[in-house]
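Remarks on the structure that follows.
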2 protein chains.
Amino acid sequence: MTVSRVLRNRGDVSETTRERVLEAARSLGYVPNKIAGALASQRVNLVGVIIPSLSNMVFPEVMTGISEVLEDTGLQPVVGVSNYSHDREEQVIYEMLSWRPSGLILAGVEHSDASRAMLAQAGVPIVEIMDIDGTPVDSAVGISHRRAGRQMAEAIIAAGYRRIAFLGTHMPSQDTRARKRLEGFEEALSQVGLTLVDREYYTGGSSLLKGREMTEALLKRTPDLDFLYYSNDMIGAGGLLWCLEKGLDVPGKIGLAGFNGMELLDGLPRKLATMDACRLEIGRKSAEIIAGKRPSGVIGGEVIELQPTLQPGDTIRRG
Amino acid sequence: MTVSRVLRNRGDVSETTRERVLEAARSLGYVPNKIAGALASQRVNLVGVIIPSLSNMVFPEVMTGISEVLEDTGLQPVVGVSNYSHDREEQVIYEMLSWRPSGLILAGVEHSDASRAMLAQAGVPIVEIMDIDGTPVDSAVGISHRRAGRQMAEAIIAAGYRRIAFLGTHMPSQDTRARKRLEGFEEALSQVGLTLVDREYYTGGSSLLKGREMTEALLKRTPDLDFLYYSNDMIGAGGLLWCLEKGLDVPGKIGLAGFNGMELLDGLPRKLATMDACRLEIGRKSAEIIAGKRPSGVIGGEVIELQPTLQPGDTIRRG
DNA sequence: CAGGAAGCTGTTAGCGCTATCAGTATCAGA
DNA sequence: TCTGATACTGATAGCGCTAACAGCTTCCTG
């Protein structure tokens, strides 16, 4: 018992005893068994984080925000990957909950019924992140992707572009957030009597090369476009490089825009218009909710909507 | 007891009982407590993976390889991040081992003494990845970064470049692998009587922008360089974009090379010379060792050296 | 000097599972 | 008929820790 107290820095132990215990632990290479500790104390210092993909570049930054805040709370993030599959997500949720974590952070507000049921039953804080267009199980931190899409469309229309095309992932059912952005985008177009002139879909991961190829294919098919709206910055950057190489007049003859506010864009020959997704802030706020550190003092059921800012860069005509 | 059997699919249970148990579990939203299960069975289906950073782009691909192999073994990867700090790494190792995982995969072969002691004591398979220039605690999978640096230098020398500079991270003590590459690189240079003409260091994360800035600063200071060796592809790509914009003759007047074989490079206007670090394969092989699925049948203490291949791209003069 | 607080150490009883073994029922084969 | 195998279910005893409390000593306060 005294050993337990020393190793957890809890309760009063005399200095001499503490020294002796630590020395013994060191010399034996003793590592306490957290499994037993967790079972006895009913406390687990882990926070599950479920994201669709590690390679997306979006999530590392969210993780950074989370780690930053959890750092001095004694909580540890544990990452699970769902590969954009609801079934896989369900399994990961089950797996994580069976370890009784102190909280769960997961991307998106769309889940299978079974997942929602498990989350609702879990009895620990649940934070759904990235997206707030929907009904969260408990808390949520994110932006409205629908609104983000609309806002971008309005900026594009205001700049005078009219023959607009969309380039994005082919699985609108899977990357729900990209789909919502597109919905908002088309909504805003139709309000001024416009529709998308063309669209180009792809499957698999996003890459510069993919962006180039899609752009080339699209412009070959429909040469008289004056704006290309990409579902993310990576393919947008590829498209931009392609346009510049072909000597197209950007943003005079043709404008471009992506989404995410990726650091990558800062190094490109010209800065792609984009919209920052507040990733760091989303990570921070979600961790605060789990750690019970919200300044508001609210516990559970909080929905925090962040406002993405439009970064017009050099690929949309200015006023 | 019968419930336990049903939920774990172990032992004989009559079909009717099984149905009843599953139905009850479903309707109660019951999620078994793995903590108790693990304590009782002394088995934990988790594999700890400790990497220096999530934003490095190198590690997501390693993770992909790991997940792929663990997929059908019932084992689950759990990610920890050390931020290139040995102290932090030590904490993460301690934390992970205290959960008694089925194995541990960690980047690099350099660790604090305390870390090495813990790993040696752990009693589970340990795989050190990425780097094999050193003495692993147990198994290791990776490439020789020293050799990789040497190989690149030889290719550069063979192409006739003589006034060579290095651009890389400022903390040679932290990113040990970059340092080893540089050591191998300089070794090969000195064998033909050359030394680095100049070098430029930076701190913080790698980005295209950083690559541009460093390249500009370096060439301003030492204009007559004919080769720039970057410690990674991201800053190399930034440098390449800068050189192309300035209208420099690449690879005629000046050559460039990076390291990693990043997908990003495929979309650039010109393809940067690089060396692929076998990341996917490293992930796969390390997971195989943990899962005990090595075709060799060897258990523990295996060192697998992979051979990185030089990809000359378009930024080294061809013979 | 009583009374109580504070400092320290130890005892006991679980936490929610699983390993192991015991027990019952059924059935084939000798 | 009995034997032994097979199918199934249940009882018991931990896994390695911590919460809660008990007990002792010391020290302070009035």
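Rule-based calculations on the coordinates, nothing more; no lab input. No experiment lies behind these values; they were computed from the predicted model shown. As a convention, Cβ positions derive from the backbone with ideal geometry for all residues, glycine included, and neighbour counts pool all protein chains shown.
When a footprinting reagent is the concern and you count Cβ atoms within 10 Å, what order do A:Ser144, A:Ser190, A:Ser286, A:Ser139 take, fewest first?
Details: A:Ser144 20, A:Ser190 12, A:Ser286 29, A:Ser139 24.
Final ranking by Cβ density, sparse to dense: A:Ser190, A:Ser144, A:Ser139, A:Ser286.
Once phi is turned into ³J(HN,Hα) by the Karplus curve 6.51 cos²θ - 1.76 cosθ + 1.60 with θ = phi - 60°, what whole-Hz value does each residue of the range B:31-39 show in order, with x for glycine and proline?
10, x, 8, 5, 5, 5, x, 5, 5
Counting other beta carbons within 10 Å of each residue's own, what order do B:His86, A:His111, B:His170 fall into, fewest first? List each step's numbers first, then the result.
Working: B:His86 17, A:His111 21, B:His170 12.
Fewest-to-most Cβ neighbours within 10 Å comes out as B:His170, B:His86, A:His111.
Take the Cα pairs of chain B, get the Kirkwood Rh, then feed it into Stokes-Einstein at 10 °C and 1.306 mPa s and tell me D in µm²/s.
73
I need the inter-copy label distances for B:Pro269: point set 7 Å along Cα to C-beta, values in nm with one decimal, smallest first.
Computed spacing set for this position: 0.3 nm.
Quick check for chain A: number of Lys pairs with alpha-carbon distance under 16 Å, counting only pairs 8 or more apart or on different chains?
On the way: A:Lys210/A:Lys220; A:Lys220/A:Lys246; A:Lys220/A:Lys253; A:Lys285/A:Lys293.
Qualifying lysine pairs in chain A: 4.
Can you find, among B:Gly184, B:Phe259, B:Ser102, the residue farthest towards the positive end of the dipole of chain B? Put +1 on the C-beta of Lys and Arg, -1 on that of Asp and Glu.
Farthest towards the positive pole: B:Ser102.
For the range A:252-302, what is one quarter of the convex hull surface built on the Cα atoms, given in nm²?
Details: hull surface 21.4 nm².
So the Cα hull casts an average projection of 5.4 nm².
Build a GNM of chain A with springs between Cα atoms under 10 Å: which of A:Ile235, A:Ile254, A:Ile129 gets the top mean-square fluctuation?
A:Ile254
What is the extension gain from A:Ser296 to A:Gln311, computed as 0.36 nm multiplied by their sequence separation minus the C-alpha to C-alpha distance, in nm to one decimal? Working shown, then result.
Values: separation 15, 0.36 × 15 = 5.40 nm, distance 3.00 nm.
Once the chain is fully extended between A:Ser296 and A:Gln311, it gains 2.4 nm.
Looking at chain A as a GNM with Cα springs under 10 Å, which of A:Arg20, A:Arg212, A:Arg162 has the largest mean-square fluctuation?
A:Arg20
Only Cα pairs within less than 10 Å get springs; with that Gaussian network setup on chain B, which residue of B:Leu104, B:Leu265, B:Leu240 has the largest fluctuation?
B:Leu265
Could you sort the peptides A:201-209, B:61-69 by per-residue average Cβ neighbour count (10 Å cutoff), highest mean leading?
For the peptides A:201-209, B:61-69, the packing ranking is B:61-69, A:201-209.
So what does the Cα-only Debye profile of the range B:1-84 read at q = 0.18, 0.23 Å⁻¹, as log10 I(q)/I(0), no solvent term?
Computed log10 I(q)/I(0) values: -0.88, -1.09.
At a 10 Å Cβ-Cβ cut-off, how would you order A:Ser27, A:Ser55, fewest neighbours first?
A:Ser27, A:Ser55
Note the per residue figure in Å³ for the convex hull of the C-alpha positions in the protein assembly as shown.
192
Quick check: the angle from helix A:233-245's long axis to the longest principal axis of chain A, C-alpha only, nearest 10 degrees?
Relative to chain A, helix A:233-245 is tipped by roughly 30 degrees.
How big is the dipole moment of the protein assembly as shown about its Cα centre under a simple scheme where the beta carbon of each Lys and Arg is +1, that of each Asp and Glu is -1, and everything else is neutral? Debye, nearest 20, please.
120
Separation between the A:Arg10 and A:Arg163 pseudo-spin-labels, each 7 Å from Cα along Cα→Cβ, expressed in nm?
7.0
With a/c under 1.5 counting as rounded, go ahead and sort the range B:145-276 into rounded, prolate or oblate using the C-alpha gyration tensor (a ≥ b ≥ c being the square roots of the eigenvalues; past the cut-off, prolate if a/b is larger than b/c, else oblate). Kindly include the intermediate steps, with their values, before the conclusion.
Numbers: a/c = 1.33, a/b = 1.12, b/c = 1.18.
It comes out rounded by the Cα gyration axes.
Residue-wise, which Karplus ³J(HN,Hα) couplings in Hz belong to the range A:2-16, taking 6.51 cos²θ - 1.76 cosθ + 1.60, θ = phi - 60°, and x for glycine or proline?
Once θ is set to phi - 60°, the couplings for the range A:2-16 become 4, 4, 4, 4, 4, 5, 9, 6, 10, x, 8, 9, 5, 4, 5 Hz.
With each pseudo-label sitting 7 Å past Cα toward Cβ, what's the B:Ala25-B:Asp87 distance in nm, one decimal?
4.5
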